[in-house]
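No value in this document is a laboratory result; all are computed from the given coordinates. Because the structure is predicted, anything quoted here is derived from the model rather than measured. Neighbour counts are summed over all protein chains in view; Cβ atoms, including those assigned to glycine, are modelled from backbone coordinates with ideal geometry.
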Amino acid sequence: MSQEVDSLLSMARDVTAEVLETMFFSTAAAIVCDHSGVVPVNEEWISSRVRFAGAPSGELRVMLSRELARSIAAGFLGSEPEEITLEAEGQVGCELGNMICGAVLSRVHPDSRVALAPPELTPVNFGDGHEVHQCFATPDGLLSVNMHIDAGTVPGNA
């Protein structure tokens, strides 16, 4: 599954940068990160999850620093950052996860039938090393994307 992981990671990088630029008027650069299973003490995060079922099945998690969540929510909603509520940050974080998940899956497995569950806010979880993981730096804060594919659900793999 190493080729699949490489493909997902490459696609996640490209899609995340494209979605942030076109839908949220921001830029993103992939960075090296090491969370070691611990949420940074001085950061507050908005975290969302999108589960998907079909071929493949799994989930995608998006974690945004609060600064980034506020900034992209303002850009997406056409509001001033000081007008953005915590609820709006969460809703836009969920929408970002939904956009990234759908775009990655449709590019990596364009002929597969996959159903996305509604995005939901979740506790921050940077993963346990069994998923594709990439962090991004933006002008307004940090973004982390994790994608886990359930074993045996990848099209073309037995």
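Temperature 4 °C, viscosity 1.567 mPa s: under these conditions the Stokes-Einstein estimate for the chain, based on its Kirkwood radius over C-alpha pairs, is 83 µm² per second. Note on Thr27, Thr153, Thr16: ascending count of other Cβ atoms within 10 Å places them as Thr27, Thr153, Thr16, the fewest first. Rounding to the nearest 10 and keeping the result within 0 to 90°, find how far the Cα-based axis of helix 2-24 lies from the longest principal axis of the chain. Roughly 30 degrees, rounded to the nearest 10. In terms of surrounding Cβ atoms within a 10 Å radius of their Cβ, Ile46, Ile31 rank from fewest to most as Ile31, Ile46. The angle between the Cα long axis of helix 66-77 and the longest principal axis of the Cα atoms of the chain comes to about 90 degrees, rounded to the nearest 10.
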